[in-house]
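Presented below is the structure to which this report refers.
The values are calculated or read from the model by the stated rules, or taken from the named source; none is laboratory data. Not measured: the values here are computed from a predicted model. Counting neighbours? That spans all protein chains shown, and the Cβs are built from the backbone with ideal geometry, glycine included.
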Amino acid sequence: MIESCLSVPIKLLHKFNVWVIFPAIILVVLSDIILRTFFNSPLFWAHEILGLLLLCLFFLELPNSFQKSELLSVDLLYKRFGPFGRTFSYRLSCLLMTLFSLLLVWQGSIGVSDSLEYDEQAFTLPIPFWPFYALIALSGLVIFFQSLARLFVSSSVIDSVQGGSSVAGELNDLGAQEK
Amino acid sequence: MTPQSIGGVSIVLLLVLILLRIPIGIALVIAGFIGNAVFLGFHSAIVQFQLVTWEVATNFVLITLPLFVWMGQLAESTDMGKDLYSSFHKWFGRAPGGLAITSIASSAGFGAITGSSVATVSAMGNMLMPEMKRYRYDSGLATGSLASAGVLAILIPPSVPLVFYGAWTETSLGDLFIAGIVPGIMLALLFILYVCLHCSIKPSLAPKGEHFTWSAKLHSLIHLLPILSVMLMVLLSLYFGIATPTEAAAVGVAGVFVVGLIRRRINLKVVLGSISQSAALSTNIFVLFLGGMFFSRFMAQTDLTQSMISSISALTLPPYLIMMMIVLMYLFLGAILDTFGMIILTLPFVFPLVLSLGFDPVWFGIFVVMMIELSLITPPIGINVFVMQSVVPDIPLSTIYQGSIPFVLLTLLMVALLIAFPEIALWLPAQMKSN
């Protein structure tokens, strides 16, 4: 239920990445090269802005990666686990993901409050940092609800939601691409 | 508890979590955070995590990652491998083991655009396997050469593992890319030489292919030109210092895009699909990088890395013996971990040790990538072999592994040569700097 409710904002974040952030990165890099090479006037703010865009790219995409179970893992022993072992591994994974997301929310919130208090902003352009910390916290919050929802699924559905960027996962991805 | 023992317990915790199939990046963050909290206190652990997250997420060097990944995805989506295959097939098809040679040459070329061995094996496998079956190639030779040739993709620049290594160790990406060229070409030539000799001795393994006229051969070069131009644009701009790796990546992306447009293989769906996959792949690598950096900082604080280096130095073992031990360690780790897992888990310890022994960081980057290559074609994980089997499900996994054995031995020979003659990797970057 929670997962299906979350899938809409996760898709929106992913689409924002695909339509806005990624093209913006390409645009800034190419503009910088062209301006530097042909007009000898590089974009002095390019490095810093690209760093911030990269942050957006990663944290907007993270909930989508988690939803698709694409984070890299090793399933060497997992394949030999029985049903109990698999359930344990799955729930532990969700629990640790919940902790990870809380760390993101916590540090993002501290970042927002600190950057607002000390008026932290980029060196080259007057762009405040607090929205970027807020993005980290937001990404963490979405992952928190995702992992919490997965933590309490019944054992019978665990096998069906297992994916992962393990060998099996990558082969599934390839199969999907070929189809 | 001493700082070193806290570090030691954290490593054990990390390994247990990884073996329990916790995503590697998350396991690194959690093990590092618990260790940090025990060692420095909860508040300091949060501050450390905050600092590392910001530093890694805004690391300008990492911008190369989504760019090269996208370049590879675009090249894959626009069937550039097909052009390479059709051209090389016309030139090498009649040679002993011609189709296997075609697979090696095409994989090396395709790898020089995609930087991904999985993509290379999948693309080349789907194109070449039906042909190899038609000519009744030996299954072991056919699948083994295809699976093994895929490893060339991550050695010949651009290479995603090299970007990862460079960003992690703060080694010049340009130097790393240029250093990968000679070993990559040498390994490809070794593979080709082996196939040629083996098939000359046992022609039944690989019946001769179709004959093509000189006009057809020359005509096929026209299709090769756009891909070659993109490859050369990237490599030469790096070699002559015209572009930074980030700029070279952008140039490569623009090149692949233009080629795709000219060949009418690019549309909005292809572009958006490739961006979507690139964003996902880059984020996966980012999580690993974040976790690895956080854990590595913690290890440095506990002084565990330094004491380990001191203990090994105190043994006064010859550096080459230590390198042999590192080779064995990577062979073992390759059996249980994937590409980035291997890099992220070993570099915090092995990189300072190797530097303290006087080895060059650029050389070591190439060495690490070659060890990763081996893990891609050796059991039990051998991702290239699994991908190959997904292409030809009727051929057993054991046949593909057996077919890969000669290529594994050749790669080991190349590693030995690289250790004995570091100039193989370092000569070209030195030339580049002197230019």
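Side notes on the structure shown:
- Which listed residue is away from chain A (no Cβ under 14 Å), in a helix (DSSP H, G or I), modelled with pLDDT under 85 and surrounded by 21 or more Cβ atoms within 10 Å (Cβ to Cβ), from B:Leu99, B:Leu146, B:Leu84: B:Leu84
- Verdict on A:Ser65 being assigned to a helix (DSSP H, G or I), touching a helix residue (DSSP H, G or I) at 6+ places or on another chain (Cβ under 8 Å), of a type in the set (Gly, Ala, Ser) and within 25 Å of A:Val20 (Cα to Cα): yes
- On inspection, B:Met342 qualifies as free of Cβ contacts under 8 Å to residues at least 60 places away in the same chain, in contact with a Leu (Cβ under 6 Å, 6 or more places away or on another chain), under 20 Å from B:Ser159 (Cβ atoms) and assigned to a helix (DSSP H, G or I).
- Any chance A:Phe22 is within 20 Å of A:Ile127 (Cβ to Cβ), in a helix (DSSP H, G or I), facing another protein chain (nearest Cβ under 7 Å) and touching a residue at least 12 places away in the same chain (Cβ under 8 Å): yes
- Scan of region A:25-48 for residues that are of a type in the set (A, V, I, L, M, F, W, C) and touching a residue at least 60 places away in the same chain (Cβ under 8 Å), ordered by number: A:Phe44, A:Trp45
- Restricting attention to region B:17-41 and to residues that are part of a loop (DSSP other than H, G, I, E, B) and facing another protein chain (nearest Cβ under 8 Å), the residue that is nearest to A:Ser93 (Cα to Cα) turns out to be B:Ile22.
- Just one of (1) touching a Leu at 6+ places or on another chain (Cβ under 9 Å); (2) part of a helix (DSSP H, G or I); (3) surrounded by fewer than 24 Cβ atoms within 10 Å (Cβ to Cβ) fails for B:Ser44. It is (1).
- Restricting B:Gly403, B:Gly365 to residues that are buried (at least 22 other Cβ atoms within 10 Å of the Cβ), within 24 Å of B:Gly174 (Cβ to Cβ) and away from chain A (no Cβ under 14 Å) narrows the list to B:Gly365.
- Restricting region A:72-116 to residues that are charged (D, E, K, R) and crowded, with 17+ Cβ neighbours inside 10 Å, the residue that is farthest from the other protein chains (Cβ to nearest Cβ): A:Arg86
- Any hit, region A:52-70, residues being of a type outside the set (Ser, Thr, Tyr), without any contact (Cβ under 8 Å) to a residue 24 or more places away in the chain and surrounded by 22 or more Cβ atoms within 10 Å (Cβ to Cβ): yes
- Test result for A:Leu135, within 30 Å of A:Phe44 (Cβ to Cβ), in contact (Cβ under 8 Å) with a residue 24 or more places away in the chain and not in a loop (DSSP other than H, G, I, E, B): yes
- Residues being facing another protein chain (nearest Cβ under 9 Å) and in a helix (DSSP H, G or I) - total across region B:379-390: 5
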